[in-house]
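Visitor: Sharing a structure here in structure tokens format.
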Amino acid sequence: MNSNPTLGFLLHDVARLLRKRFEQRAKCLGLTRSQWQTLAYLSNNEGIHQGGLAEILEIEPITLVRILDKLAERGLIERRQHPTDRRIWLLYMREAAHPILAEMRELGDVTRAEALAGVTAEQREALFAILSEMKTNLVVACRTPVAEKEQNHG
């Protein structure tokens, strides 16, 4: 058996370890991983409806509702009714969330620096270019139905 990890396993392990290290640093914020991930995505998508944010986070809407309830209790987010559809709630950051987001960004910077220690600027540029190209390729591929022949071999 080959002891070298495949690309998928290596990418998964690196992502998992980045999250783990960030979590170790972020304990002082008093947020769970799901809460800080929700805040991070919401900060880039303010005004999004709950279903859209659940889709981005790849979690069930009911799971997101529980997370949002906790964040709202802490005064970090607010729900506002959609102007024309009262069934839809739009999500916004509250002022109290901004210092936490700033601290999260600092912790992220420190964690990334730790992960990239010893990696030259040229290597970093190449890594980002390769990963960006892979992401683009996979986004396009995911929009294309899998041939029936391939489905039967999965």
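Visitor: Exactly one condition in (1) touching a residue at least 40 places away in the same chain (Cβ under 8 Å); (2) in contact with a helix residue (DSSP H, G or I) (Cβ under 6 Å, 6 or more places away or on another chain); (3) within 21 Å of His98 (Cβ to Cβ); (4) not aromatic (Phe, Trp, Tyr) is not met by Arg21; state its number.
Guide: Checking Arg21 against (1) touching a residue at least 40 places away in the same chain (Cβ under 8 Å); (2) in contact with a helix residue (DSSP H, G or I) (Cβ under 6 Å, 6 or more places away or on another chain); (3) within 21 Å of His98 (Cβ to Cβ); (4) not aromatic (Phe, Trp, Tyr), the one that fails is (3).
Visitor: Tell me, please, whether a residue that is of a type in the set (Val, Ile, Thr), at pLDDT 95 or above and surrounded by 13 or more Cβ atoms within 10 Å (Cβ to Cβ) can be found in region 37-50. Before you say what the answer is, go through the steps one by one.
Guide: Kept after step one, since they are of a type in the set (Val, Ile, Thr), are these residues of region 37-50: 38, 48.
Right, trim to at pLDDT 95 or above and you get 38, 48.
Of the ones still in play, those that are also surrounded by 13 or more Cβ atoms within 10 Å (Cβ to Cβ) are 38, 48.
Scanning region 37-50, I find at least one residue that is of a type in the set (Val, Ile, Thr), at pLDDT 95 or above and surrounded by 13 or more Cβ atoms within 10 Å (Cβ to Cβ), so the answer is yes.
Visitor: Need the failing condition index for Glu58 against (1) modelled with pLDDT of 95 or more; (2) among the acidic types (Asp, Glu); (3) within 22 Å of Ala15 (Cα to Cα), just the number.
Guide: (1)
Visitor: Right, something else. Of the residues in region 88-131, how many are assigned to a helix (DSSP H, G or I) and free of Cβ contacts under 8 Å to residues at least 40 places away in the same chain?
Guide: Restricting attention to region 88-131, the residues satisfying the condition of being assigned to a helix (DSSP H, G or I) are 97-115, 121-131.
Remaining after also requiring free of Cβ contacts under 8 Å to residues at least 40 places away in the same chain: 98-99, 102, 105-106, 109, 113, 121-131.
The qualifying residues number 18.
Visitor: Further question on the same structure: Confirm whether Leu7 is of a type outside the set (Asp, Glu), farther than 16 Å from Leu107 by Cβ and either under 14 Å from the mean Cα position of the chain (by Cα) or modelled with pLDDT of 95 or more (or both). Talk me through it step by step, then tell me what you get.
Guide: Values: of a type outside the set (Asp, Glu): yes; farther than 16 Å from Leu107 by Cβ: yes; either under 14 Å from the mean Cα position of the chain (by Cα) or modelled with pLDDT of 95 or more (or both): no.
The answer is no for Leu7.
Visitor: Limited to region 108-131, what total is found for residues that are at pLDDT below 95 and surrounded by fewer than 12 Cβ atoms within 10 Å (Cβ to Cβ)?
Guide: 0
The values are calculated or read from the model by the stated rules, or taken from the named source; none is laboratory data. Given the structure is predicted, the values throughout are model-derived calculations rather than measurements. As a convention, Cβ positions derive from the backbone with ideal geometry for all residues, glycine included, and neighbour counts pool all protein chains shown.
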